[in-house]
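This report concerns only the one structure given below.
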Amino acid sequence: MTSGARTPRTSGAGTPRKSAGTPPTSGPGTQPPAPGAVQSQSSAVAHPALDRFIHAIEVAAAWFLAVVTALTFVSVILRYFFTWQIPDTYDIGRLLLATLIFWGMAGTGYRGEHITVDLVWAALGRRWQRALDVFASALTLFAMAAFAIMMGSKVLDTRAENVLTFDLRQPVWMYYALAWLGLVAAVLLLAIRLYRLLLHPLALEVGARATVTTE
């Protein structure tokens, strides 16, 4: 009687206390997490619209890749089985491939997923690593901005010279302009990366998680 009366009191009193304190802190499925975590994450991601803009650029690059892949596949099938090819397949394919590369540079430049050599970076402390990241981002931004300016002048020259494709006689400058927009997007994303490295370093990591969850 005494043991049976003590057991429900100790277990029954201890269990509701743990369950009452568990949902606000460790419950992954609960809608409102800890208020401190919400404030820290919202302060890290200062501009959610920028993350949606970055995600839209990455989706555009993925669509360009899909178009180039589909165009190449269909062209090979038609040429092999029907001895016929889509007009201007070569010209459109190579122009869209350049467009794909320029738009892909925007996402990889912002994420820092391009090919890097971390031999010196790995030997530094965290403070110097961040300083090296800022310097590398600023240098890349300067080079990409110069590249975009030169590409813009190339678009104007191509339009003035009235360069056309071989079969359909399409203006080539339109494809150059589309590739130039990819370089402009790369410059904008590199500027955002540099801004966040200087003022909101955690926004890069949290912003990457936000885009993954939206997918």
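Within the shell of other residues whose beta carbon sits under 15 angstrom from the beta carbon of residue 90, the net charge comes to 0, with Lys and Arg scored +1 and Asp and Glu -1. Residues whose amide H falls under 5 Å from that of residue 164, counting only those 5 or more places apart or on a different chain, are 172, with hydrogens built in the peptide plane. Between residue 198 and residue 127, the contour length at 0.36 nm per residue exceeds the Cα-Cα span by 24.4 nm.
Close amide H contacts of residue 88 (hydrogens built in the peptide plane, cut-off under 5 Å, sequence separation of 5 or more or a different chain): 167, 168.
D by Stokes-Einstein for the range 83-130, Kirkwood Rh over Cα pairs, 20 °C, 1.002 mPa s: 152 µm²/s. The residues of the range 61-215 expose on average 65 square angstrom of accessible surface per residue, using a 1.4 Å probe on protein heavy atoms. May I ask which residue of 190, 176, 145 lies farthest towards the positive end of the charge dipole of the range 47-195, with charges of +1 (Lys, Arg) and -1 (Asp, Glu) on Cβ and the Cα centre as origin? Comparing the listed Cα positions along the dipole, 190 ranks first.
Solvent-accessible area assigned to carbon and sulfur over the range 47-122 amounts to 75 percent, based on a 1.4 Å probe. Temperature 20 °C, viscosity 1.002 mPa s: under these conditions the Stokes-Einstein estimate for the range 110-199, based on its Kirkwood radius over C-alpha pairs, is 140 µm² per second.
The values are calculated or read from the model by the stated rules, or taken from the named source; none is laboratory data. All values derive from a computational prediction rather than experimental measurement. Cβ coordinates were reconstructed from backbone atoms using ideal geometry, including for glycine residues, and neighbour counts include every protein chain displayed. With ligands, DNA and RNA removed, areas are computed over all heavy atoms of the protein, side chains included. Shrake-Rupley method; radii C 1.70, N 1.55, O 1.52, S 1.80 Å.
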